[in-house]
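Since every read-out is calculated from the coordinates, none of them should be taken as a lab result. A quick note: this is a predicted structure, and the numbers were derived from the prediction, not measured. A quick note on method: Cβ atoms are made from the backbone with ideal geometry, for glycine too, and the neighbour counts reach across all protein chains shown.
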Amino acid sequence: MFAMLHEKADEVLRTQFPGNTIAIQWTVPKESSFGDASLSLPLQLASLLKKKPREIAQVFVDALKTFPGVEKVEIAGAGYVNVWLTTEALLQELGESESAQSPTKLNKNEKPVIVDYSQPNIAKPLGVHHILSTVLGQALCNLHRHAGIPVVGWNYMGDWGTQFGKLAVAWEKWGDKKKSIETYTLDELLELYVRFHAEAEADAALDDAGRAAFRKLEQGDKELRAFWKGVVTVTKASLGDIYERLHVKFDTDIGESFYEDKMVPILDEGKKKGVFTEGKEGALIVEFPEESKLPPYLVQKGDGATLYATRDLAQIRYRIDTYQPQSILYVVDVAQQLYFQQLFATAQKLGWELPEIEHVVFGRMRFAESKMSTRKGTVLKLEHVLDEAVERAEAVIHEHRETIQTDDAAALAEMMGVGALVYGILSQNRKMDIVFDWDKMLSFDGNSAPYLQYTYARARSVLRKAGKETSTPSFPKAIAALTQSERVLIRMLLQFPGVLEDARESRMPHLLATYLFGLCQDFNAFYNVDPILLAEGSTKELRIALTAFSSNVLKTGAEILTLRVPEKM
């Protein structure tokens, strides 16, 4: 129906206002008193044509008021056109929007989107700050995949650099030689690394030894290569457990080390093109125009050593040559904004044919509480935060034990706790600093994962009692009229496809979270006002269908945000 309204408005634009190519956008007003669909086009046309917007709006009203499926059309405010649809048209539109609940078939002919996210360092546990890039990146992957767009989810691991030389020295000096490096835990590796830095404060020669060890690693020393591979194996196994808890899955985890033999061609190309020039002490740098206000970009040290920047340039070249992507999204925090500006500008100076390259920036995490965890240590480990989230969820379940229904309290606590942490991040605008507040995140009333999970479980309970647990929504062919809460719920459900598109295109998962919160509110209002199982005939059929439709949208949206929803709660 909205597509037909769009076509009719386009016809009016072409015939009554020829030569104007303004994009037509129908929106669903937040308040039902402003109709089911609203058009602001007359306001845009008025500024171009120097006419009164309400006069232009009247042209659209006259064309739309007799259109099939339209119940009423009015001009509102300065010149908005508000349209009310008939009950039959709304239900028809709702049925046509049902496809958004399932992933679109993958378009294999479309170029992929590469999403670069998580990016942990090998030999170190994930800190709590890693969850930001990890869940934001996964949500973006899920949004694109749901739309049928090919995605390469890429965990670009920091598995190369001087830190491995330092760790090798620490292992040689203080490690337990009775056990192989593959049998070490990630915590034990971290202890060695921390000890190295503590000892290096009193013995500067240790840093030199670390750099020398990494040079030997770069040169192919067999023992050091075996040590390095063992460290990588230990780290990936440990991180895999956490990623599984977060419902995060990558397509590749090719890290920095992969580009070891791919940097020399980039350096040669840059020197040949005059993009890389000699700086202090023989280093290679990139200089940018003064108006760009970008400082010089170091791509090779004076001693010939490469840097993260060198590997990132080789990485871009490899990704373009191998995947021919339509876009590359780097999900990295705001502290790296200047770095990415320099990186992208350097790639442009090299004259490469680039896809869309975007730094999907996010803010820092700060905590509403002075202490987030009772566990001590300089690193607030993500694993410990997840455990604490589950412990707190267990306490909430115990507190509400008289009202919560579950066959598996431990599984529900995991679902609630991890979900609360993830949703608490994804429900906030990523460009702002993210405030972490346990009480809000585990609330059953506010914008939280438990509220979403509880609403879904409530809908599923209704469907079980109605014997419609496994059936798809089936709307009645005719209904006399809609109640206010039914109409509000339908209007909210109709917005789901558009919200998915907006969240994907703007790289803003919080738009989807905000929508799901609103849907929960509207469904619960409907549930509390309109009897579902006690209704009769076509009214009962409609309300069960709306319940099923709502539960499906909630589940689809939650899983895109990496959450899971319980059948009982």
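So the values come out like this:
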{"item": "³J(HN,Hα), Karplus 6.51/-1.76/1.60, whole Hz, each residue of the range 222-239, x for Gly, Pro", "result": "4, 5, 5, 5, 5, 4, 4, 4, x, 4, 4, 4, 4, 5, 4, 5, 5, 5"}
{"item": "Relative contact order %, the range 2-85, counting alpha carbon pairs below 8 Å whose residues are six or more apart", "result": "28"}
{"item": "Selection from I149, V70, A513, by position along the positive dipole direction of the chain (Cβ)", "result": "V70"}
{"item": "Over the range 162-245: Rg over Rh, Cα atoms, Kirkwood Rh", "result": "0.99"}
{"item": "Computed P(r) (all Cα pairs; the range 287-337; 5 Å bins; percent)", "result": "4, 15, 16, 22, 23, 16, 4, 0"}
{"item": "Amide H partners (placed H, <5 Å) of E71, local residues excluded", "result": "W84, L85, T86"}
{"item": "Cα lying deepest toward the dipole's positive end in the chain, options G95, L192, A202, charges on Cβ", "result": "G95"}
{"item": "Set of lysines with alpha-carbon distance to K273 below 24 Å, sequence-local pairs under 8 removed", "result": "K262, K293, K301, K349"}
{"item": "Part-to-part distance (alpha-carbon centres) for the range 409-434 and the range 436-479, which is given in Å", "result": "17"}
{"item": "Whole-angstrom Cα spans of the range 2-85 along principal axes, big to small", "result": "31, 24, 19"}
{"item": "Share antiparallel - DSSP beta bridges, the chain, percent rounded to 5", "result": "45"}
{"item": "Long-range Cα-Cα pairs in the chain (distance over 34 Å), rounded percent", "result": "53"}
{"item": "Protection-proxy order for peptides 232-244, 139-151, each taking the mean of Cβ atoms within 10 Å per residue, highest first", "result": "139-151, 232-244"}
{"item": "For E93, E98, order by how many other beta-carbon atoms lie within 10 Å, fewest first", "result": "E98, E93"}
{"item": "The range 416-569, relative contact order in percent, only Cα pairs under 8 angstrom and at least six apart counted", "result": "37"}
{"item": "Candidates per GluC sites (Glu not before Pro) in the range 165-234, loop by DSSP, up to 15 other Cβ within 10 Å", "result": "E201"}
{"item": "Table column - 3J(HN,Hα) (Hz), the range 99-104, Karplus curve with 6.51, -1.76, 1.60, x for Gly and Pro", "result": "4, 5, 6, 10, x, 5"}
{"item": "Net charge dipole size for the range 2-85 [Lys, Arg +1 and Asp, Glu -1 on Cβ; Debye, nearest 20]", "result": "320"}
{"item": "Dipole magnitude of the range 162-245, debye to nearest 20 (Cβ charges: Lys/Arg +1, Asp/Glu -1, about Cα centre)", "result": "360"}
{"item": "³J(HN,Hα), Karplus 6.51/-1.76/1.60, whole Hz, each residue of the range 111-127, x for Gly, Pro", "result": "5, x, 9, 9, 10, 9, 8, 6, 6, x, 9, 5, 6, 10, x, 5, x"}
{"item": "Check: the chain dipole with +1 on Lys, Arg Cβ and -1 on Asp, Glu Cβ, in debye", "result": "540"}
{"item": "Relative contact order for the chain, counting Cα pairs under 8 Å that sit 6 or more residues apart, in percent", "result": "14"}
{"item": "Per-residue [θ]222 nm for the chain (sum of -39500 (n - 2.57) over DSSP H runs n ≥ 4, rounded to 500)", "result": "-16500 deg cm²/dmol"}
{"item": "Long-range amide H partners of V332 with built H, under 5 Å", "result": "V360, F362"}
{"item": "Whether the range 181-324 is rounded, prolate or oblate, judged on the alpha carbon gyration tensor where a/c under 1.5 counts as rounded", "result": "oblate"}
{"item": "Rounded D (µm²/s) - the range 372-511, Kirkwood Rh over Cα pairs, Stokes-Einstein at 10 °C, 1.306 mPa s", "result": "89"}
{"item": "Ranking of S99, S40 by count of other Cβ atoms within 10 Å, fewest first", "result": "S99, S40"}
{"item": "Relative frequency of Cα-Cα separations exceeding 20 Å in the range 77-133, percent", "result": "67"}
